[in-house]
1. Which residue is farthest from residue 261 (Cα to Cα), if the candidates are limited to the stretch 302-316 and must be touching a Pro at 6+ places or on another chain (Cβ under 9 Å) and open to solvent by 10 Å² or more (accessible area, probe 1.4 Å)?
2. Return only the number of the condition from (1) small (Gly, Ala, Ser); (2) touching a strand residue (DSSP E or B) at 6+ places or on another chain (Cβ under 6 Å); (3) modelled with pLDDT of 90 or more that residue 748 does not satisfy.
3. Just one of (1) of a type outside the set (D, E, K, R); (2) modelled with pLDDT of 90 or more; (3) out of contact with any strand residue (DSSP E or B) (no Cβ under 8 Å at 6 or more places or on another chain) trips up residue 98, so point out which.
4. Please specify each residue of the stretch 341-360 satisfying the condition of being within 21 Å of residue 562 (Cβ to Cβ) and surrounded by 23 or more Cβ atoms within 10 Å (Cβ to Cβ).
5. How many of the residues in the stretch 238-258 are open to solvent by 10 Å² or more (accessible area, probe 1.4 Å) and among the β-branched types (Val, Ile, Thr)?
6. Which residue is most open to solvent (accessible area, probe 1.4 Å), if the candidates are limited to the stretch 521-556 and must be without any contact (Cβ under 8 Å) to a residue 40 or more places away in the chain and outside any strand (DSSP E or B)?
7. Out of (1) in a loop (DSSP other than H, G, I, E, B); (2) at pLDDT 90 or above; (3) surrounded by fewer than 15 Cβ atoms within 10 Å (Cβ to Cβ); (4) out of contact with any Asp or Glu (no Cβ under 9 Å at 6 or more places or on another chain), the odd one out for residue 670 is which?
8. Hand me the list of strands (runs of 3 or more DSSP E) wholly inside the stretch 366-429 holding 2 or more residues that are under 17 Å from residue 354 (Cβ atoms).
Amino acid sequence: MRRRLAACLATCAIRFAAGQDAGSALPSYVGSGTCLECHALGRPERPCSIEAIPAHEKSYRALAREEAEDIAVLTGTVDLPRESLLCLGCHATSTDLGPRWTRPSFDITAGVQCEACHGPGSLHAEARQHVRDGAEPPPPAGIQPGDREGCAACHRKRPSHDEVLQRGWRLPNTDRRYKTPVNLATSPDGSRLYVVCEHADSLVVLDPKAGSIVREVAVGRRPNDVAVSPDGKRLFVSNRFSRSLSVIDAASLQVVHEVPVGDDPHGVLANPSGDRIYVLNTGENSISVIDARSFREVRHMASGNGPWSLALRPDQRSIAVTSVRPLVCGLGEPHRSEVTVVSTGDDLVTQRVMVADANMLEGVTSVPGRDVVLFTLMRTKNLVPITRLAQGWVVTNGLGVLSGDGRLDQVLLDEPNRAFPDPVDVAASPDGRLAAVTSGGADEVVIVDIEALLDAISSSTPESRAEILPNHLGTSSRFVKRRIQVGANPRGVVFSPDGCFVYVAEALDDSVAVLDARSSSLVRRIGLGGPAKVTALRAGERLFHDARRTQGRQFSCRSCHPDGHVDGLSFDIEADGLGLHPVDNRSLRGIFDTAPFKWEGTNPTLDRQCGPRFAVFFTRLDPFTPVELDALVRYVSTIERPSNPHRAPDGLNLQQRLGKAVFDRVATNTGREIPRVKRCSTCHDGAYRSAASIQNVGTTMWFDAPLDLSEMDLHDDYSYGPLGAAYFQDLVSIDRSFDVPHLTNVYSSPPYLHNGAAASLEEIWTRYNLYERHGTTHDLTRRQLNDLVAYLMTL
């Protein structure tokens, strides 16, 4: 039976590769009612030997229970349980393909049905009907044999379910009412302060003089940034999870338009004439240009990796765009990030400025009266073993200074033994004399004397500007005027139009700090109406963003996991020898049910991952009490995972469906059976597409373990190639097993493999599967590989 199914899937793929219509050769779901027309007692075909399981029949309805929403919170699901692919993956049938691939006879509310085990049965049902009508039997239509092996994909330990159903955990109502301000902007006359509240899905409008709330405006899901039109009449708010731009009338404070944009939008800005709006699509590395009259996208441009913030340059003719992740580079090579320069005249990318050895380029501002752009950055020494922690040399933090002549400089805001961790945003005063920079990890704001900063740079030799200033921990004393302690996790910062005040969004205090720019002192704090109580979840979120638990407060959890995601780097954590076994950073979004953790799978729980492992390898001290660790783990358990933009509401398109056929195949294109251990679906099953196990798929590389190969130069590209895969695997028998990563939202977290060697999903098989231990792929046509990748992008 498995061979017949394999032949069917292989035939479908070959037909498509040959240009034939494969849609009719792919089965759809027909529902248990159709199955039982033949397979019930007294019917012409063999009845099902498995008795009906009541829990299966009720599984879809169970998603309407109140507990289901709390379980969804612990899985990072942002949709309602009945709309979540993750929940439906085990509680219903057909959701892997979507409504497009169901027949009218199919009813999703029937829960887990026959086809959950046997696969979509339309071709099988049609073939049997032909036989009953007296026709010649058609070619084998294929149906999966029913066995117990497939049960484990859903029937395995789920900590999220245990927490809610066994221990009675519920999301406190207080946690639903936090505001979490992340960015802000002022009206042109300074009479209004607009504050984006990420957790509340709203824009809070303040009267900064009175220190009072004027109104709270509901916008899209998880808003991130706000911009004001030059005339002050319109407000533009980017909504990350809604993938939209809310357009608000500033007079009535009503949303008048909702404009679709790209994936995970962050920064937003209006051009000087007000006829264009620029939106940064962080999830797809692009910039959307929106016509401010028709509210349609008129241009779509490629940006750096993870565009984050943008600012109009002093010449008013171009925009500078920062990128939160570095560009993909060769493994073991120094990373670099991009500042993208866009012309506001013709909406074209005119320059891509490379920022060497820097990542997490976030906030950006122009300096009025000077042809200078300032932006925040981190210099993560991911190629240096973490042993350098005591020397303050793992992560350094500072500013990039981009001059009009294209000259780029970097300076640090750190002091010896006192880092300025997680610099998030920067703003310049209207007179161009001061800059304010927020440290989300130290709850600080520094006030920078811009003249002194530029003098420190210009008075240095070219060699010093290139090598010393970017790494010198003592330079900041020359240009930092004051370090001001503010509330928890400051993020967005802006000066008032008259330059008298600095407004700071205190994200995890639900407030805005007001600083006197002249005296560099805290004047007052304006509450945004969030709960005063600090729940365990909010306490954990504060710990996640707090760098004061690390030595010299160099970094926080967020330093490597912005938005709970990845920074795009691989790290040498030293456990396996200095300079050996670099490991790729992994996303924290929706990971609670995906144990074991760490690439080797040595941490069975998040408590161990965030506790002992963090203490041993990252802090060299015990950073959390048991109560704090519980709070941190609870927060990490709830980090949200956005819905997948590559999957249409009606399910897979034809290419993606054919890619799933490749993913599920059990035989090659020639009909040769693929060993179970080399099938994609063996290791990547269930709703998470992970068997939650440790496997050896032949991805071990020469630097993953100590070797005695002194007669060869390990860095000789001629002998070894960039990674020495072929030479190493031919001569050395060292193999390592790694945790099977889950594939949910795998599209968003390149690079891939345990060490980040694969720059793209394609490279996993085109470069690093030489001996076909990571799936049988050598027979795939180019089109089949493209189909497979298209399917993986939908998970």
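1. Going through the stretch 302-316, the residues touching a Pro at 6+ places or on another chain (Cβ under 9 Å) turn out to be 304-306, 308, 312, 314, 316.
Narrowing further to those that are open to solvent by 10 Å² or more (accessible area, probe 1.4 Å): 305, 308, 312, 314, 316.
On the way: 305: 17, 308: 15, 312: 20, 314: 27, 316: 24 Å.
It comes out as 314.
2. The one condition residue 748 does not meet is (2).
3. For residue 98, the exception is condition (3).
4. Those that are within 21 Å of residue 562 (Cβ to Cβ) and surrounded by 23 or more Cβ atoms within 10 Å (Cβ to Cβ): 355, 358, 359, 360.
5. Result for the stretch 238-258: 2.
6. Here is the first cut: in the stretch 521-556, the ones without any contact (Cβ under 8 Å) to a residue 40 or more places away in the chain are 521-523, 525, 527, 532, 534.
Of the ones still in play, those that are also outside any strand (DSSP E or B) are 532, 534.
Numbers: 532: 103, 534: 69 Å².
This residue is 532.
7. (4)
8. Details: elements: 372-380, 395-403, 408-412, 423-428.
Per the criteria, 372-380, 395-403, 408-412.
The values are calculated or read from the model by the stated rules, or taken from the named source; none is laboratory data. This one's a predicted model, so the numbers in the text were calculated from it and none came from an experiment. So basically every Cβ, Gly included, is an ideal-geometry build from the backbone, and we count neighbours across all protein chains shown. The accessibility values were calculated without ligands, DNA or RNA, using every heavy atom of the protein model including side chains. Shrake-Rupley method; radii C 1.70, N 1.55, O 1.52, S 1.80 Å.
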